[in-house]
Amino acid sequence: MQLQNWLKERYKILFAQFQEREFEREDAVRVLTEMFKDDEKSVNVVLSELRKPNVHLLDVNFNQSDARRSIYKLRKIEGIREILSKNTLTRGDIEVMLKKAADLVRTRVDYKFILVLLFLKRISDKWDVEFKQRYDELISDGFSGEEAKDEAKHSSYHDFDVPEEFLWDNIRKDTNQLSEQFSKALKVLSERNPELKDILGDVDFIQFASNKENAEILHDLVEVFSAKRLDNVSPDILGDAYEWILSYFAPQKAKEGEVYTPREVIWLLVNILMPKENESVYDPASASNGMLIISYKYVENLHGKETADKIFLYGQEANPKTTALGMMNLYIHGIENHHIMQGDTLLYPKFKNDDESGIKKFNIVIANPPWNQDGYDEEKLKKGSFWMQRFKYGFSPKQSADWAWIQHMLASADENTGMVGVVIDNGCLFRGGKEEAIRAKILECDLIECVILLPEKLFYNTGAPGAIMILNKNKVYERKGKILFINASNEFEKHPEVRKLNILAEKNIKAISEIYKNFKETDGFSRVVSLDEIKQNDYNLNVTLYVFPEEKEEEIDVHSVWEELKEKEEEIEEIEGKIEKFLKEIM
């Protein structure tokens, strides 16, 4: 039976958990939420798909004690127990493996080597499975063992053309030649698979292992990844693993100038923009492609992978190494319908009309471009392509390209359906000079729909709060001439792992996105402001100018505070007694 991969992976996990025993919807939600982070709607889609007559892998009956509740029971696919006996890796298994790898690397070498090894191991393990499946089919069709073996190696049966000598287990046979073997493998894979050239071309294992310490790190990393097979891991789990590495090293990379957008900030943006089937999503500063991946996941969570595969993803990134990491990220997530280009977006946008008369238009444009990027003044921008079309509201000052990015995104949005969501530095909302002039013109055209002040300490590279701006080329009548300001500065929880950071929890994302969707006012949280009022404030979009959180009076329990104070005093007395005793012993 041919099941789509996303459904097959979830069926396998459910069968591993319940076998042929009865279970309820809540049980399925618990299991799939744990493994894939599926929400309740997504689980309903899974159960519905498994019940379809042409699939028929799930029976459903009413609960005799409560007719409103259903009881489910899975049917067994032939060979499913053998498939599961391969020891399917869980999210926890992958995290343990990656933490070992991260501990080996720490800050001594570039974390991209972990990502490349993860990528190569996945390719190799999948090749083995694809080979065996095709080999068995050919044997059953009457081919001899040697004929079947030769035919099953053909690249047409595999995601990537991988020579047998460069499969993972063959590379690691000679531990003294690991760096040389990996370098050869990358070279050959790039030659045989042009789509991998940009991904693997910038990685040099020989240079990496040029000193003894790094050579030992490479050996240890290879052994960490060799301990588990990655062919039987869900793209959701493996994708989360890839994202875990990016976030783990984000604080270190922030000091080197790399920008990592917290994934919950992207989820907030995507929940507001709501990408749909057959729509195009474009990120002009795509980096690791988090914006595109989460747009895809948003549609997949609501409607399944088949529908998600029908959205069109476009991205451009200036840094070649970051472009490569982003391409790997898409592959690891199992996302194929994408178009990623490398180059300076502000000067040389790669996506153009078919007749190359201008830049391509998209339904949704979403990005976290570099904040306050230096060096893109009028003289520089006029050297770029289609500058008259893209920067018609004015030129950004040399010290900050924020409004150049916003204008490019606006120009890239479809004239009838285009929506723009951008994460920006809070300062560009109220700075004067050239930025104020651009703001004024865009506001006069009534293109800005919402401005959201984010909590502070969300980002790894700055403690500044940052903001989100939503621009809409097709405002509904009720929103024309108005802007919704949302002060979400108090919508956060403490980061569970990084002490100095905050995060947006699910409830925070829901609260903010619901306010936007309803375009409503809430005291101390949101306010709808007319363009006339904003003009009177010299086109200032600083959120705190229009809405400020209400101060809540803190209730003090005098008795409990007094009790806590007495406990502290007793602790201090006990510690002082221990110190006094210790001093007497050593004197």
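Would you point out the residue of region 30-63, among those that are of a type in the set (Val, Ile, Thr) and at pLDDT 85 or above, that is surrounded by the fewest Cβ atoms within 10 Å (Cβ to Cβ)? It comes out as 60.
Pairs meeting the criteria (first residue in region 397-416 and over 17 Å from residue 358 (Cα atoms), second residue modelled with pLDDT of 95 or more and assigned to a helix (DSSP H, G or I), beta carbons under 6 Å, at least 6 apart or on different chains) are 397/434; 402/428; 403/435; 403/438.
Here's the yes/no breakdown for (1) over 16 Å from residue 112 (Cβ atoms); (2) of a type in the set (Lys, Arg); (3) touching a Leu at 6+ places or on another chain (Cβ under 6 Å):
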{"residue": "165", "(1), (2), (3)": "yes, no, no"}
{"residue": "169", "(1), (2), (3)": "yes, no, no"}
{"residue": "173", "(1), (2), (3)": "yes, yes, no"}
{"residue": "204", "(1), (2), (3)": "no, no, no"}
{"residue": "217", "(1), (2), (3)": "no, no, yes"}
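Kindly evaluate residue 243 against the criterion of being out of contact with any Gly (no Cβ under 6 Å at 6 or more places or on another chain), part of a helix (DSSP H, G or I) and within 29 Å of residue 260 (Cβ to Cβ). Let's see the steps before the verdict.
Details: out of contact with any Gly (no Cβ under 6 Å at 6 or more places or on another chain): yes; part of a helix (DSSP H, G or I): yes; within 29 Å of residue 260 (Cβ to Cβ): yes.
In short, yes.
For residue 348, the criteria (1) in a loop (DSSP other than H, G, I, E, B); (2) touching a residue at least 40 places away in the same chain (Cβ under 8 Å); (3) of a type in the set (Phe, Trp, Tyr) hold in every case but one, which is (2).
Give, as residue ranges, the helices (runs of 4 or more DSSP H) completely inside region 432-538 that count at least 3 residues that are closer than 30 Å to residue 260 by Cβ.
Because the criterion is at least 3 residues that are closer than 30 Å to residue 260 by Cβ, the helices (runs of 4 or more DSSP H) in region 432-538 that meet it are 433-444, 506-518.
Here's the yes/no breakdown for (1) surrounded by fewer than 21 Cβ atoms within 10 Å (Cβ to Cβ); (2) touching a helix residue (DSSP H, G or I) at 6+ places or on another chain (Cβ under 6 Å); (3) not assigned by TED's automatic domain parsing to the domain that holds residue 475:
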| site | (1), (2), (3) |
| --- | --- |
| 357 | yes, no, no |
| 365 | no, yes, no |
| 369 | no, yes, no |
| 380 | yes, no, no |
| 394 | yes, yes, no |
| 400 | no, no, no |
| 419 | no, yes, no |
| 434 | yes, no, no |
| 439 | no, no, no |
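Quick check on region 286-305. Is at least one of its residues in a loop (DSSP other than H, G, I, E, B), more than 19 Å from the chain's Cα centre (by Cα) and buried (at least 18 other Cβ atoms within 10 Å of the Cβ)? Show your work before the answer.
From region 286-305, those in a loop (DSSP other than H, G, I, E, B) are 286-289, 304; that's our starting set.
Of the ones still in play, those that are also more than 19 Å from the chain's Cα centre (by Cα) are none.
Scanning region 286-305, I find no residue that is in a loop (DSSP other than H, G, I, E, B), more than 19 Å from the chain's Cα centre (by Cα) and buried (at least 18 other Cβ atoms within 10 Å of the Cβ), so the answer is no.
Let's see how each residue does on (1) of a type in the set (Ser, Thr, Tyr); (2) farther than 27 Å from residue 411 by Cβ; (3) touching a Gly at 6+ places or on another chain (Cβ under 8 Å):
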site: 470; (1), (2), (3): no, no, yes
site: 478; (1), (2), (3): no, no, no
site: 501; (1), (2), (3): no, yes, no
site: 522; (1), (2), (3): yes, yes, no
site: 530; (1), (2), (3): yes, no, yes
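This table checks each residue for (1) of a type in the set (A, V, I, L, M, F, W, C); (2) within 34 Å of the chain's Cα centre (by Cα); (3) over 12 Å from residue 485 (Cα atoms).
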| site | (1), (2), (3) |
| --- | --- |
| 514 | no, yes, yes |
| 517 | no, yes, yes |
| 525 | yes, yes, no |
| 533 | no, no, yes |
| 538 | no, no, yes |
| 542 | no, yes, no |
| 547 | yes, yes, no |
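Of the residues making up region 265-280, those that are of a type in the set (Asp, Glu) and buried (at least 19 other Cβ atoms within 10 Å of the Cβ) number 1.
When region 169-205 is filtered for residues that are within 29 Å of the chain's Cα centre (by Cα) and either of a type in the set (A, V, I, L, M, F, W, C) or outside the structural domain of residue 221 (by TED's automatic domain parsing) (or both), the ones remaining, listed by number, are 182, 185, 186, 189, 196, 199, 200, 203, 205.
Just wondering, is there one or more residues in region 569-587 that are in the same structural domain as residue 451 (by TED's automatic domain parsing), loosely packed, with under 11 Cβ neighbours inside 10 Å, modelled with pLDDT of 70 or more and not aromatic (Phe, Trp, Tyr)? No, every residue in region 569-587 fails to be in the same structural domain as residue 451 (by TED's automatic domain parsing), loosely packed, with under 11 Cβ neighbours inside 10 Å, modelled with pLDDT of 70 or more and not aromatic (Phe, Trp, Tyr).
In this structure, does residue 402 turn out to be within 18 Å of residue 439 (Cβ to Cβ) and touching a Cys at 6+ places or on another chain (Cβ under 6 Å)? Walk me through it before giving the result.
Numbers: within 18 Å of residue 439 (Cβ to Cβ): yes; touching a Cys at 6+ places or on another chain (Cβ under 6 Å): yes.
Considered against the rule, which asks whether it is within 18 Å of residue 439 (Cβ to Cβ) and touching a Cys at 6+ places or on another chain (Cβ under 6 Å), residue 402 comes out as yes.
Quick one: which of 314, 260 is of a type in the set (Phe, Trp, Tyr), modelled with pLDDT of 95 or more and touching a Leu at 6+ places or on another chain (Cβ under 9 Å)? Outline the logic, then answer.
Values: 260 fails: modelled with pLDDT of 95 or more.
Of the residues listed, the single one that is of a type in the set (Phe, Trp, Tyr), modelled with pLDDT of 95 or more and touching a Leu at 6+ places or on another chain (Cβ under 9 Å) is 314.
Scanning region 325-339 for residues that are modelled with pLDDT under 95 and either closer than 25 Å to residue 402 by Cα or hydroxyl-bearing (Ser, Thr, Tyr) (or both) yields a count of 3. For first residues located in region 522-539 and on the phi > 0 side of the Ramachandran plot and of a type outside the set (S, T, N, Q), partners that are surrounded by 13 or more Cβ atoms within 10 Å (Cβ to Cβ) and not in a loop (DSSP other than H, G, I, E, B) and lie 6+ apart or on another chain with Cβ distances below 8 Å form the pairs 524/487; 538/436; 539/436; 539/439; 539/440; 539/443.
The values are calculated or read from the model by the stated rules, or taken from the named source; none is laboratory data. A quick note: this is a predicted structure, and the numbers were derived from the prediction, not measured. All Cβ positions, glycine included, derive from the backbone under ideal geometry; neighbour counts span all protein chains shown.
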